[in-house]
Amino acid sequence: MTELLAQTDAYLREFSAIVTEVVEGGVVLDRTAFYIGGGGQPCDTGVLNAGEQTYQVKKVGRVDGKIVHQIDGPLPTQDTAVTGSIDWDTRYRLMRTHTALHILCGVVWRDYEAKVTGGDMKPGEARMDFELEQMSSEFADEVEKKINDEVAASRPIHVNNLSRSEAEQVPDLIRTKINLLPSNIVEVRTIDISGLDLQADGGTHVANTLEVGVIKVVGHESKGRINKRLRIALAD
C-alpha cells in the first residue's frame, strides 16, 4: 500500500521513497507526494532520482489497485531508494484552480441552491456544470463578483477526515447531483473553506482563498434544459 503524502500535505514538493515493485512501464513506491488524479484534477508529473540516474514520471494512477508511476525508458529496480520531485509550478496552479472551483461551487450552492452536474480542470482553467434552468451574461457577471469577494475574504481552508457514518450526517457534503462516493469508502476526506463550503474531496488545495488570486468567468453555456455551464480562468 502506497502512502499518499499529498492527502495530508499538498505543499510537499520533494520526498524520499523506496521502489517496492516494478511493473510494466513503471514502478510502485512505498510513499509518494505525486497526486494520482481524480475528481477532475489531473495527476502530477515530475521526476524520480536515484544516484546519478533521473527517471521522468509521465503519469501516476491506479493500475490493478496499485499506485503506478509510469516512466519513459529504463526503470529503477526493486528496493531502489529514490527521491521524487513533482512539477511544482503545474501542481500549484492546479491547486489554485481546484480551490477556485470549490469557491464557485460554494457560492452557487449558497445563493442559488444549484447542485453540480459535472466539472473538469486544467492548470489555470476550469468549467463546472450546474442544475440551473437559466443562464445569462448578467448571471455570469454576478457570480464573478461574488466568487472574487470570497477570494478577498481570505478564508482559511482545512483538510479533515470523517468516518463514513459521520460524513453521512453532514447535509450537502456530497454536492454533485449523483452521489459519486463509492460504497467501499469507509473514511471521507473533506475540504472546508471556512464559512463558505464544506465538501467531500480528494484533491489538492491551497491553504487560503487569497492564494487563488483573481478569478474570471470567461464563458457560459446551456448544456440542456436544466444543465448550465460556467467557465472560469485564473487572471494570471
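The values are calculated or read from the model by the stated rules, or taken from the named source; none is laboratory data. As the structure is a computational prediction, the values presented were derived from the model and not from experiment. Note that each Cβ is placed from the backbone with ideal geometry, even for glycine, and that neighbours are counted across all protein chains shown. Note: accessible area is taken over every heavy atom of the protein model, side chains too, but ligands, DNA and RNA are not part of it. Shrake-Rupley method; radii C 1.70, N 1.55, O 1.52, S 1.80 Å.
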**Complete:** Given backbone amide H placed at 1.01 Å from N, residues whose amide H is under 5 Å from that of Val206, ignoring those fewer than 5 places away on the same chain, are Thr99
**Message:** Quick query: amide H of Thr2 versus all other amide H atoms, modeled in the peptide plane; which residues come in under 5 Å with a sequence gap of 5 or more or a different chain?
**Reply:** Ile67
**Message:** Highest mean first, how do 194-207, 49-62 rank when packing is the count of other Cβ atoms within 10 Å averaged over residues?
**Reply:** 194-207, 49-62
**Message:** Over 10 Å intervals from 0, what percent of Cα-Cα pairs in the chain sits in each interval?
**Reply:** 8, 31, 31, 21, 9, 1
**Which listed pairs, of Lys58/Lys228; Lys145/Lys223; Lys66/Lys216, have C-alpha distances above 32 Å, in listed order** = Lys58/Lys228; Lys66/Lys216
**Request:** Order the peptides 137-149, 82-94 from the highest to the lowest mean number of other Cβ atoms within 10 Å of their residues.
**Result:** 82-94, 137-149
**Complete:** Residues whose modelled amide H sits under 5 Å from the amide H of Asp197, counting only those 5 or more places away in sequence or on another chain, are none
**Item:** Apportionment of accessible area to carbon and sulfur, the chain, percent (1.4 Å)
**Value:** 47 percent
**Message:** Run lengths n ≥ 4 of DSSP H only: what is the helix-derived mean residue ellipticity at 222 nm for the chain, with -39500 (n - 2.57) per run over all residues, to the nearest 500?
**Reply:** -6000 deg cm²/dmol
**Prompt:** When all alpha-carbon pairs of the range 1-66 are counted, what percent fall beyond 20 Å?
**Reply:** 21 percent
**Prompt:** Taking only protein heavy atoms and a 1.4 Å probe, what accessible area per residue, in Å², does the range 28-104 have with all protein chains in place?
**Reply:** 42 Å²
**Quarter of Cα convex hull surface for the range 185-236, i.e. mean projection, nm²** = 5.7 nm²
**Prompt:** Taking Lys59 as the anchor, which aspartates and glutamates have their alpha carbon closer than 14 Å to its alpha carbon, excluding any fewer than eight residues away along the same chain?
**Reply:** Glu24, Asp44, Asp72, Asp87
**Asked** Could you give the length gained on full extension between Glu138 and Glu52, defined as 0.36 nm per residue of separation minus the Cα-Cα distance, in nm?
**Response** 25.2 nm
